[in-house]
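One structure is given below, encoded as structure tokens.
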Amino acid sequence: MPSSSSLIQGISISVSEDDEATGKVRVRVRRKRSRASVSTSARRRRLLFRTARLGVPLLLAALAVSLLLYESYRLTPSHSSPLPPPSFADFGDLSRAARAAGSPRKSCLKLLDPEKLQNLELPEIPETNMSIKEVVYRSSLHHIEDDILSHTESSRFNSFTGYQTLTEREESFKIKESMTVHCGFCNENGGFQVSTVDREYMRYCKVVVATCAFGGGDDLHQPIGMTENSIRKVCYVAFWDEVTRASQEEEGNKIGEDNMIGLWRIILVSDLPFSDQRLNGKIPKLISHRLFPMARYSIWVDSKSQFRRDPLGVLEALLWRSNSCLALSEHGARSSLYDEAKAIVKKHKATPEEVKVQLDQYRQDGIPDEKRFNGKKALAEASVIVRDHAPSTNLFMCLWFNEVVRFTSRDQLSFPYVLRRLRPPGVQLFPVCARKDLVNSFGHRRKVKPLVKDAR
């Protein structure tokens, strides 16, 4: 029989149709399940779960503290084991930070062992099979009418750089056995003057490690890690102006009677050709072959860095071993010159207007927005430049310098352009880890003082 059922506070009342008819109601009381009926095994499982949830983190914390105490004890130096003496300890003016930075660390730059470095000699000058036999530098020449237009386009062209026209710029990328190009020092009165004594010293150098600080910029960091063989054969040259000399003397770095501070030969430069000190710094950085006419090799190191490797060993590792002519540190953050341009504007290292002029010209010249050139990164950080002074490399550096003068002073933008236009063999960009092996970077200490002068 069909029935209806309702539940009132745990009491089930069932009423059938027959019961409704007779008035009878059957009441069933449902008993609540007692907690005592929960099994003992379930209670044990719950207890174990709670214990694990609370106990495991405490156990892991105890293990971590024990490991920390053990490592602290293991790394604490023993008072009975003295530190090894630093190399070239006679240069006692090296800062504590510089010595600490020069401590051994795992290297990704594979140099020869010390015995081979001590006996390393410059290789014989090979017979050149290059398409460029010589590079002739423009001097004081009569300028055609286009030069007047070029002069008005960029106030940074002057008697030092010469007034390169766009036509001359285009011709400089057309390779011939004899190339005639602008490459600074176009006029003997154009600026960047050094003494006769310093000029004779620079003619003597065959291998150069160079740096510069103009406008009172960075401190002078003594090189470390070299062999006595390199000390005998390598010229360490730092270019200063009078502002830097004054600021360094305040720091206690006085030039000796032999024109030396430690290993560095200090060369004082007068009559700097540009009001932009960054552009003055490009002269020893990019066209060192104009300053050291007899040199076969040079290594450029930014003033914020301390060179920490044997120069001859670096030449062997980055040039001679791979038959390269130019090696630069690659950019660690970006690969495209167009991405670099955005970063330069964002960081206020150049104005948006001058960057736009440069990029518009590069797009017009067919430079693509690509992150690779011949399968490799083409954007250089260029705080370290290792190069030979062969004609093809000298041409590359001259054209790079001309781009920096014509457009922005950010040489990272112009390097990929010159690389794609010239396509020279033997150019390599070494990784960031190799740059860190070559130098200790201390950053820029103080802001340089710009020159206030009329355009030449």
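The values are calculated or read from the model by the stated rules, or taken from the named source; none is laboratory data. Just so you know, these numbers come straight off a predicted model, no measurement behind them. Neighbour counts are summed over all protein chains in view; Cβ atoms, including those assigned to glycine, are modelled from backbone coordinates with ideal geometry. In case anyone asks, the SASA skips ligands and DNA or RNA and just uses the protein heavy atoms, side chains included. Shrake-Rupley method; radii C 1.70, N 1.55, O 1.52, S 1.80 Å.
Restricting to the range 179-200, and then to whatever is open to solvent by 50 Å² or more (accessible area, probe 1.4 Å) and not in a loop (DSSP other than H, G, I, E, B), can you tell me which residue is farthest from Asn259 (Cα to Cα)? Looking at the filtered set, the residue picked out is Thr180. Within the bounds of the range 160-174, is there any residue that is open to solvent by less than 90 Å² (accessible area, probe 1.4 Å), within 30 Å of Val357 (Cα to Cα), at pLDDT below 90 and outside any loop (DSSP other than H, G, I, E, B)? Checked the range 160-174: no residue is open to solvent by less than 90 Å² (accessible area, probe 1.4 Å), within 30 Å of Val357 (Cα to Cα), at pLDDT below 90 and outside any loop (DSSP other than H, G, I, E, B). Going through Glu340, Glu353, Glu370 one at a time, which residue ends up being over 13 Å from Leu413 (Cβ atoms), of a type outside the set (S, T, N, Q) and in a helix (DSSP H, G or I)? Exactly one residue qualifies, and that residue is Glu353.
Looking across the range 123-159 at every residue that is more than 22 Å from Glu188 (Cβ to Cβ) and open to solvent by less than 50 Å² (accessible area, probe 1.4 Å), the one that is modelled with the lowest pLDDT is identified as Ser154. Can you tell me which residue within the range 380-410, out of those that are at pLDDT below 95 and among the charged types (D, E, K, R), is farthest from the chain's Cα centre (by Cα)? Among those that are at pLDDT below 95 and among the charged types (D, E, K, R), it is Arg410. Of all positions in the range 332-339, none carries a residue that is of a type outside the set (A, V, I, L, M) and modelled with pLDDT of 95 or more. Being over 30 Å from Glu228 (Cβ atoms), assigned to a helix (DSSP H, G or I) and either in contact (Cβ under 8 Å) with a residue 24 or more places away in the chain or charged (D, E, K, R) (or both) is a description that applies to Arg363. With respect to the conditions (1) more than 28 Å from Gly313 (Cα to Cα); (2) in contact with an Asp or Glu (Cβ under 7 Å, 6 or more places away or on another chain); (3) aliphatic (A, V, I, L, M), Leu429 falls short on a single one, namely (1).
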